[in-house]
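Written out below as structure tokens is the structure these notes cover.
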Amino acid sequence: MGARRERPIILRSRRAGDACARPLSFSLGRAVSVWWKLYLLMIVIQVIGVPLGALHLGSFGLGTAVEWVLTTGGAVGLFGYVFGKPIAVRAFWQAFAPVFIAWDIVFDLILRGAATGQPTSYYVATCLLFLFSLPQCLALYRYAYSPTQPIWQPQHGAP
């Protein structure tokens, strides 16, 4: 079986006399790639915002420091996934991804709310933020464990 080739969706202008009536090409793969890049940008903003927000609120502690380190590492892994670049070694990401995902679940959903004694609305906001982080968890899992990730394949002719 050969590789499946993606066909672009062709959109045409409605005005026949338009000088710019050439076909417009839209590829679903390109749209997904743009989505991942925009998502990466939002994660980078989060990496910058976590310590600044904690410092502003006066709540920068050990938990926030660990959160920032893991969020930064997650952003680096997401960068590698989005752009198809091998960063460090695959074994590192295979160890990092479960720690990142577990921290997201345990710290964000359980410990942070229990420690602060916040109302129910805080838990709703935390669950929404957790849903926001699910694509990053998926990307890190794929980056670390997917057997079809070509970036981890040995290069032909490499020593």
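The values are calculated or read from the model by the stated rules, or taken from the named source; none is laboratory data. Bear in mind the structure is a predicted one, so any value in this text is a computation, not a measurement. Counting neighbours? That spans all protein chains shown, and the Cβs are built from the backbone with ideal geometry, glycine included.
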### Task
Please give the helices (runs of 4 or more DSSP H) falling wholly within the range 43-145 in which 1 or more residues are at pLDDT 90 or above.
62-83, 90-103, 120-145
### Message
So, SER33, is that one among the small types (Gly, Ala, Ser) and loosely packed, with under 12 Cβ neighbours inside 10 Å or not?
### Response
no
